[in-house]
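Trainee: To start, I am sharing the structure in question, which I have written as structure tokens.
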Number of protein chains: 2
Amino acid sequence: MDKVKFGILGMGNMGTGHFNNFIKGNIENGIVTAVSDISQKRLDEIQEKMPGDYKVYTSSEELIEKADVDAVIIAVPHYDHPNLVIKALNRGLHVLCEKPAGVYTKHVREMNEVADKSNKLFSLMYNQRTNPLYIKMHDIISSGELGTLRRVNWIITNWFRTQFYFDSGSWRATWKGEGGGALMNQCPHQIDLLQWIVGEMPNKIHAHCHFGKWHDIEVEDDVTAYMEFPSGATGCFITSTGDAPGSNRLEILCSKGRLLCENDKLTIHKNKEDIQDYINTCENGFSAPEFEVEVVEQDYKRNTQHVGIINNFANAILGIEKLYVKGQEGINCVELINAMLLSSFKNKEVTLPIDDDEYFEELSKRVKTSRLKEGSGIVLDTSSSYGGTK
Amino acid sequence: MDKVKFGILGMGNMGTGHFNNFIKGNIENGIVTAVSDISQKRLDEIQEKMPGDYKVYTSSEELIEKADVDAVIIAVPHYDHPNLVIKALNRGLHVLCEKPAGVYTKHVREMNEVADKSNKLFSLMYNQRTNPLYIKMHDIISSGELGTLRRVNWIITNWFRTQFYFDSGSWRATWKGEGGGALMNQCPHQIDLLQWIVGEMPNKIHAHCHFGKWHDIEVEDDVTAYMEFPSGATGCFITSTGDAPGSNRLEILCSKGRLLCENDKLTIHKNKEDIQDYINTCENGFSAPEFEVEVVEQDYKRNTQHVGIINNFANAILGIEKLYVKGQEGINCVELINAMLLSSFKNKEVTLPIDDDEYFEELSKRVKTSRLKEGSGIVLDTSSSYGGTK
């Protein structure tokens, strides 16, 4: 095949954004031949505004069944991700799914089992993994050069959202519609990056999620989560959609150095000695290991984000590149979010891996009593809401 | 009186440092006329090295009873603070006590009752309250200009200490000798500043203290504490004596702005609108209140630290100045530390005010099984270990 034929499921904020990238010619080896949305009105708008030779469908399932496509990009509400991934893979399509992989681990695990058996490519839109600063952090830690993990703190509170934002869609910020808030909707990237960069999953979490604290919503809009890792490290993850100005500061201490990422700048401290050896052997009370400092500025050109992920996915289908993000890894992020929510629901420490059934049960209780609301139906321009480390 | 006659109780690191400040002429209206230490060897060294017309005593109590002094500076191990404060006040002396005010609230409360009834001055060595950046933060929040508190995060992990440090004194880092570790010994300033700057005490704490995690010690050397405040704000306090390089970053978000203090620089964001009003009324999903930014650099000359506190104390005794730090406020810091430790001992959320008796009981259990160790007896130069916001 010359170009990979794509179907895009969901013409909301993200799906429309992806379609635009194809139209602008940003996806070298891909072309959109079909799009779907449950709203005929939305499809009419799309056909009016977006040029190209593509078919429209009012159902994701119908597109998967009937459209002339090699691959689909799934950009529908979170709950439908695993079902549609499974359907598309089973129909023999390659799948690139928006984050999060799903809302609860039980569902994601079923999806992963299908993906494991499929010979089609399955990837996730972890566009922040194209950020050169995070790649650098991942590479330096996975090389072993910085020794063992001791501490990770991520304060990511620059997700300020107004009530108007949450009111724009009936599904937004409800247990039934999204299955979570700041963690599930804003932070999947950071939570994925956290475990990807440090190279391990926490084994204990005690989180303090506050639900509808700053907004008239059902789900969490303020979170402080404490974590412990198998290596003995501890961590803290702090997020909110009610802070302005917010922060985005990721600090990782290892036994041979520290990584600090803030304001599109990565500061690397490399200690000349292992901290623990130094503690144990130094014959001075107040001195500390000497270090060298390197500052890495953001390389905006290489920070390709969604375009980078879609290009890699298309090229991997064509056999030109190796697939960058393996879709099955998405369960880690969902498990961390589930653990943080479960810990807050029960006000207790949670050990990982979590009990899939227990979480599903707790979530289901909340879905059952989830309130109905009317959405304004406005499609928001999300283009300024991702990509940076500021 | 021309100059206030001081006795200094304890010729360890801190007491010797204070004495040096008198000898150097840094204390305008004070003179040292007596010092005490339980070690005759240490007193011999002092008399050899430190010039002046002063008497030496091998007991704090004896100095308090017999010496020709108007005031004492107490720089003995933590546990003895309240007893000696009470004795000195009862003998009619003014008292400036090193931090912390004591080790457990039960004891500090007894001390405060005596201080409340005394007509002598009682102050604490909260030298970090002379730091112009922290004063600015305190002033701006207490003025009400920034609205209500929403979040406070303090990562203060630049307290790196070697095993050699802890081995230098037999009392160090034991439940029996110090009654705590990073919180009780390194962080009393920050914990005092936290409540002083934000202007309220948390009403709930869930802390994760790790005891002897990085060092061969009994007490905590790694802490992550989550806090909730009566105003609805949340907070996080992270400290360690095992991190290198460490951080010192204090971030406070209020409804009308943010204060960020790091690297001897205070960045003040003043929002043009109250965040909560903006959330509730703005008709845009992603926008946030506009703000003005002011950066305040450290004024090293005005950062007078211990010298500033001792001068103020002497001048207050002479009626020239108002006393800057009221000793009774020290209980807030002790209560916060006790709450963090109690929460960790019991692995539960603790509400404040804490149960004084419960904490005393838990501490006593640990004191009973506290191990004996031999100290090297080395007096460490602590002069580089305080004062900054880096």
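Trainee: Conditions: (1) touching an Asp or Glu at 6+ places or on another chain (Cβ under 9 Å); (2) within 14 Å of chain B (Cβ to nearest Cβ); (3) surrounded by fewer than 19 Cβ atoms within 10 Å (Cβ to Cβ); (4) at pLDDT 95 or above. Residue A:294 meets all but one. Number of the miss?
Mentor: (1) is the only condition that residue A:294 fails.
Trainee: Taking the conditions exactly as written (in contact with an Asp or Glu (Cβ under 6 Å, 6 or more places away or on another chain) and under 24 Å from residue B:316 (Cα atoms)), does residue B:16 satisfy them or not?
Mentor: Details: in contact with an Asp or Glu (Cβ under 6 Å, 6 or more places away or on another chain): no; under 24 Å from residue B:316 (Cα atoms): yes.
In short, no.
Trainee: Can you give me the ranges of the strands (runs of 3 or more DSSP E) entirely in the stretch B:204-268 with at least 2 residues that are polar (S, T, N, Q)?
Mentor: Once the strands (runs of 3 or more DSSP E) in the stretch B:204-268 are filtered for at least 2 residues that are polar (S, T, N, Q), what remains is B:234-240.
Trainee: Looking at the stretch B:297-305, is at least one residue out of contact with any Cys (no Cβ under 8 Å at 6 or more places or on another chain), over 30 Å from residue B:3 (Cα atoms) and either more than 10 Å from chain A (Cβ to nearest Cβ) or in a loop (DSSP other than H, G, I, E, B) (or both)?
Mentor: Within the stretch B:297-305 (the criterion being out of contact with any Cys (no Cβ under 8 Å at 6 or more places or on another chain), over 30 Å from residue B:3 (Cα atoms) and either more than 10 Å from chain A (Cβ to nearest Cβ) or in a loop (DSSP other than H, G, I, E, B) (or both)), the answer is yes, since at least one residue qualifies.
Trainee: Among the residues of the stretch A:57-78, which ones are under 23 Å from residue A:126 (Cα atoms) and in contact with a helix residue (DSSP H, G or I) (Cβ under 7 Å, 6 or more places away or on another chain)?
Mentor: A:60, A:64, A:70, A:71, A:72, A:73, A:74, A:75, A:76, A:78
Trainee: Sticking with this one: Step by step: first the residues of the stretch A:187-238, then only those that are among the hydroxyl-bearing types (Ser, Thr, Tyr) and touching a residue at least 40 places away in the same chain (Cβ under 8 Å), then the one that is nearest to the other protein chains (Cβ to nearest Cβ). Which residue is that?
Mentor: A:234
Trainee: Can you find even one residue in the stretch B:251-273 that is within 7 Å of another protein chain (Cβ to nearest Cβ), acidic (Asp, Glu) and more than 28 Å from residue B:186 (Cβ to Cβ)?
Mentor: no
Trainee: Please go through (1) modelled with pLDDT of 95 or more; (2) touching a helix residue (DSSP H, G or I) at 6+ places or on another chain (Cβ under 7 Å); (3) surrounded by fewer than 17 Cβ atoms within 10 Å (Cβ to Cβ); (4) within 14 Å of chain B (Cβ to nearest Cβ) for residue A:350 and return the number of the only condition it doesn't satisfy.
Mentor: All conditions are met except number (3).
Trainee: Shifting gears a bit: Let me spell it out: the conditions are (1) more than 24 Å from residue B:143 (Cβ to Cβ); (2) within 14 Å of chain A (Cβ to nearest Cβ); (3) crowded, with 21+ Cβ neighbours inside 10 Å, and residue B:289 meets all of them except one. Which number is the exception?
Mentor: That leaves (1) as the condition not met.
Trainee: Same structure, new question: State all residues of the stretch B:148-180 that are β-branched (Val, Ile, Thr), buried (at least 22 other Cβ atoms within 10 Å of the Cβ) and within 14 Å of another protein chain (Cβ to nearest Cβ); if no residue qualifies, say none.
Mentor: B:152, B:155, B:156, B:157, B:162
Trainee: Would you say residue A:229 is out of contact with any Pro (no Cβ under 9 Å at 6 or more places or on another chain), buried (at least 18 other Cβ atoms within 10 Å of the Cβ) and aromatic (Phe, Trp, Tyr)?
Mentor: On the way: out of contact with any Pro (no Cβ under 9 Å at 6 or more places or on another chain): no; buried (at least 18 other Cβ atoms within 10 Å of the Cβ): yes; aromatic (Phe, Trp, Tyr): yes.
No, not satisfied.
Trainee: Select from the stretch B:239-250 the residues that are within 8 Å of another protein chain (Cβ to nearest Cβ) and farther than 27 Å from residue B:297 by Cβ and write down the one among them that is farthest from the chain's Cα centre (by Cα).
Mentor: Among those that are within 8 Å of another protein chain (Cβ to nearest Cβ) and farther than 27 Å from residue B:297 by Cβ, it is B:242.
Trainee: Here's a check for you: in the stretch A:1-41, which residue that is assigned to a loop (DSSP other than H, G, I, E, B) and of a type in the set (A, V, I, L, M) is farthest from residue A:168 (Cα to Cα)?
Mentor: A:1
Trainee: For the stretch B:195-210, how many residues are buried (at least 22 other Cβ atoms within 10 Å of the Cβ) and touching a Pro at 6+ places or on another chain (Cβ under 9 Å)?
Mentor: The total comes to 1.
Trainee: Could I ask something else about it? Go through A:110, A:145 for me and flag whichever is away from every other protein chain (no Cβ under 14 Å) and in a loop (DSSP other than H, G, I, E, B).
Mentor: After applying the criteria, what remains is A:145.
Trainee: Related question: Return the residue satisfying two criteria in turn: it lies in the stretch A:313-324 and is in contact (Cβ under 8 Å) with a residue 40 or more places away in the chain and under 18 Å from residue A:6 (Cα atoms), and of such residues it is surrounded by the fewest Cβ atoms within 10 Å (Cβ to Cβ).
Mentor: Going through the qualifying residues, I end up with A:320.
Trainee: Output the residues belonging to the stretch A:98-140 that are more than 30 Å from residue A:363 (Cα to Cα) and of a type outside the set (A, V, I, L, M, F, W, C).
Mentor: Once the filter is applied, which keeps residues that are more than 30 Å from residue A:363 (Cα to Cα) and of a type outside the set (A, V, I, L, M, F, W, C), the stretch A:98-140 yields A:119, A:120, A:130, A:131, A:132, A:134, A:136, A:138, A:139.
Trainee: Consider residue A:37 carefully, then state whether it is surrounded by fewer than 17 Cβ atoms within 10 Å (Cβ to Cβ) and out of contact with any His (no Cβ under 9 Å at 6 or more places or on another chain).
Mentor: In short, no.
Trainee: Of all residues in the stretch A:75-94 being crowded, with 21+ Cβ neighbours inside 10 Å and of a type in the set (Gly, Ala, Ser), which is nearest to residue A:14 (Cα to Cα)?
Mentor: A:75
Trainee: On to the next question. Do the conditions hold for residue A:170, that is, is it farther than 24 Å from residue A:313 by Cα and modelled with pLDDT under 95?
Mentor: Yes, satisfied.
The values are calculated or read from the model by the stated rules, or taken from the named source; none is laboratory data. Every value quoted in this text rests on a predicted model; they were computed, and no experiment measured them. So basically every Cβ, Gly included, is an ideal-geometry build from the backbone, and we count neighbours across all protein chains shown.
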